[in-house]
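Values quoted throughout were computed directly from the atomic coordinates according to the rules given, and no laboratory measurement underlies them. Every value quoted in this text rests on a predicted model; they were computed, and no experiment measured them. Neighbour counts are summed over all protein chains in view; Cβ atoms, including those assigned to glycine, are modelled from backbone coordinates with ideal geometry.
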Number of protein chains: 2
Amino acid sequence: MTAISTHIVPIELGERSYKIHIGTGLIADASTFQNLPKASSVMVVSNTTVAPVYARQLLTALSQPYATVHLVELPDGEQHKNWETLNLIFDALLGHACDRKTLVVALGGGVVGDMAGFAAACFMRGVPFVQIPTTLLSQVDSSVGGKTGINHPMGKNMVGAFYQPLQVVCDIDTLSSLPQREISAGLAEIIKYGPIADMEFFTWIERNIDALLQRDASALAYAIRRSCEIKAHVVGQDEREGGLRAILNFGHTFGHAIEAGMGYGAWLHGEAVGCGMVMAAQLSHQLGLIDSAFVDRLRTLIVRAGLKVAGPVLDAKDNAGRYLELMRHDKKAEAGEIRFVVINESSQASMQTAPDAMVRNVIDMCCTP
Amino acid sequence: MTAISTHIVPIELGERSYKIHIGTGLIADASTFQNLPKASSVMVVSNTTVAPVYARQLLTALSQPYATVHLVELPDGEQHKNWETLNLIFDALLGHACDRKTLVVALGGGVVGDMAGFAAACFMRGVPFVQIPTTLLSQVDSSVGGKTGINHPMGKNMVGAFYQPLQVVCDIDTLSSLPQREISAGLAEIIKYGPIADMEFFTWIERNIDALLQRDASALAYAIRRSCEIKAHVVGQDEREGGLRAILNFGHTFGHAIEAGMGYGAWLHGEAVGCGMVMAAQLSHQLGLIDSAFVDRLRTLIVRAGLKVAGPVLDAKDNAGRYLELMRHDKKAEAGEIRFVVINESSQASMQTAPDAMVRNVIDMCCTP
């Protein structure tokens, strides 16, 4: 990638504040890690796909400030985001006699970050944590918010913790080895920040979608930076997801139903969110909040990003019923009532319930038979 | 038990402040729970020993403010304080479609409290939690501090979270069904607060040890209250165990070695701490901090409480070496250096390292061949 200058996004969370470094060549540069606390050891958590490509340069950079640097490689994939895999991290930490000051560093996508972060939150009731997201999705999504966790057979991310990292490093170089499908999946979460918060940014994405797909370093860096800024602004007002923060889940209620219904891993999270946003926009239209032209505009951009806009059929007999059933089990549901994130024309998002008949209608309209 | 008036100990932790209710007849009294947040459901977590005795009256009291009350019974014992058992709680919560506002109530001893609290901390990244400790040890120890967690095959409480309850209810009535061995184990933690913080309280325990052993409600209520007050004072200054809070681990470094070396469950935690305090006092004496008369005074009280004061032999060939090995793996160790809590004549406790030869000598003196 063409080298670009590093940009820092500060995340203001009182005593849990930290900085996101966005740039090129960051992983291999020991100075990236110069302001972290002292410790006798570091545990880098990665997976069998990412570690062979990036672990060596990271371990070399970390071995300047830290005496002992360990690596644990997890199996790759959402289907491994469970207790058994999490326990591999605990086994490694205890097997290497790590202590309460050991720094845990996540090197990988969202699954690695969620599991390494949850392990850091729980190991000896909390050790320091640094996140190096290596996918576009995790750079714009997991960099801010402190959400960590694992899946349960009965639901995604059902077991976890809010745990803030000491630092996040978004090295654009890592995106060069990413499959195109994952670039598109990441763009879904980037596009999301338009309708819920900033239509100027949405227009910028429309103009720059080709540069982003071609992995132009400057375009990617700007998109990551702006996404992190918007998310930070929302999270800063609602760290523990009491209310406002829920708007970040635009497209996620339908998206989670797609992920769960297809079996975790069949659709990438970003792909499900991309399709889920079209469904949530359609619902917003049915509720009279936006006109159909905006639904079309959003759908067009999602298609240009290389993403699917038609929902999968989850049940041949009662497809809408299956979606509803899955959505009622969503974490955001309360007492079985589904709370949808809807949008209006002024890029304001809000939480709303909707009649089952209307939701069924939206699902029928948006799913390919 | 003779009814006594309820005493409230406030625990001041900013926005995480809560109250400990100490008294008789509390579990069966719906007014005990009148100030808790609204929720559509409650999940009571107990075990197969405690639930048959106390669950029904608790469920009845809770069903006044709450529409739906569920119960999950865990297998009883420290050997079940692991992920498999924790997962029974998640299975129950998800199986009953519980949500983010569901109140988790722990009804049982330290193991139930630690697991229910950790489940509450992790379920959907945190749901409200109430603790009803039913053993003397958990009433004086788990009521304050917010420590939750499970064991790992390589160490006790290695995986967990700091998570504060909304309320703690210490119902003295529950102590009437406790085996005598567990009364003694609880007294070990009560005795602990003397040498580390309050020798007047120590003298009070010496005078009232027989009443405590005979389960006099007033004596127990005072001992629980004073223990919680002292612990609250320490924890209030150091919620996350940065420094001062470590003095609460007086006797625990040796004690954990006994528990781990004998296999968890062979010695009760309080029994191991009782014996560990004698060893830690002996070490304090060797370091010149207290005279031998105080070691004898502490040993005498621990014997009167019905506890063992001679450490078990963990390895016939190199017993002291085995203790040292186990202590180096303790959570409080840093880079393999063991940090002991030692005491001086003015009931001030501090953290200190000690030469291996001195520690070996203490172990040799204190263990029965």
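Computed values, structure above
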| quantity | calculated |
| --- | --- |
| For chain A: rounded, prolate or oblate by the Cα gyration tensor [a/c cutoff 1.5] | prolate |
| Neighbouring partner chain Cβ atoms per residue of B:148-157, average, 10 Å criterion | 3 |
| Whether the stretch B:7-177 is rounded, prolate or oblate, judged on the alpha carbon gyration tensor where a/c under 1.5 counts as rounded | rounded |
| Computed FRET value (nearest 0.05) for residue B:361 with residue B:28, which takes r as the C-beta separation and R₀ as 45 Å | 0.30 |
| Within 10 Å of each Cβ in A:111-121, the average number of Cβ atoms from other chains | 1 |
| Percent of beta bridges antiparallel (DSSP, the stretch A:7-177, rounded to nearest 5) | 30 percent |
| Shortest-first distances to equivalent copies, position residue A:176, nm, label 7 Å out along Cβ | 7.6 |
| Between the stretch B:24-73 and the stretch B:297-320, the Cα center-to-center distance that results, in Å | 39 Å |
| Residue B:38 versus residue B:317: modelled label distance in nm, points set 7 Å from Cα along the beta carbon direction | 6.7 nm |
| Cβ-defined net charge surrounding residue B:363, 12 Å radius [Lys, Arg +1; Asp, Glu -1] | -3 |
| Highest-MSF residue in chain B out of B:73, B:15, B:337 [GNM, Cα springs under 10 Å] | B:15 |
| Rounded to 5, percent antiparallel among DSSP beta bridges of chain A | 40 percent |
| Span from the the stretch B:137-177 Cα centroid across to the the stretch A:210-239 one, whole angstrom | 42 Å |
| Proximal charge balance of residue B:112 [Cβ under 12 Å; K/R count +1, D/E count -1] | -3 |
| Nearest-0.05 FRET efficiency for residue A:325 and residue B:64, computed from C-beta distance (R0 25 Å) | 0.20 |
| Members of B:147/B:308; A:192/A:231; B:192/B:231; B:81/B:231; B:38/B:101; B:19/B:147 lying beyond 18 Å, as alpha-carbon distances in this model show | B:147/B:308; B:81/B:231 |
| Cα-projected label distance for residue A:84 with residue A:8, points at 7 Å along beta-carbon direction, nm | 4.4 nm |
| Relative contact order (%) - the stretch A:1-105, alpha-carbon pairs under 8 angstrom, separation at least six | 27 percent |
| Max mean-square fluctuation residue, GNM over chain B, Cα-Cα springs under 10 Å, options B:77, B:186, B:14 | B:14 |
| MRE, 222 nm, helices only [DSSP H, n ≥ 4, -39500 (n - 2.57), over chain A, to nearest 500] | -14000 deg cm²/dmol |
| Cα gyration tensor category, rounded, prolate or oblate, for the stretch B:147-189 with a/c compared to 1.5 | oblate |
| Pairwise label distance in nanometres, residue A:207 with residue A:262, each label 7 Å out on the Cα-Cβ vector | 3.3 nm |
| Residue exposure sequence - B:199, B:1 - by fewest surrounding Cβ within 10 Å | B:199, B:1 |
| Whole-number percent relative contact order across chain A, with pairs defined as alpha carbons under 8 Å at least 6 apart | 15 percent |
| Rounded to 5, the percent of DSSP beta bridges in the protein assembly as shown classed as antiparallel | 40 percent |
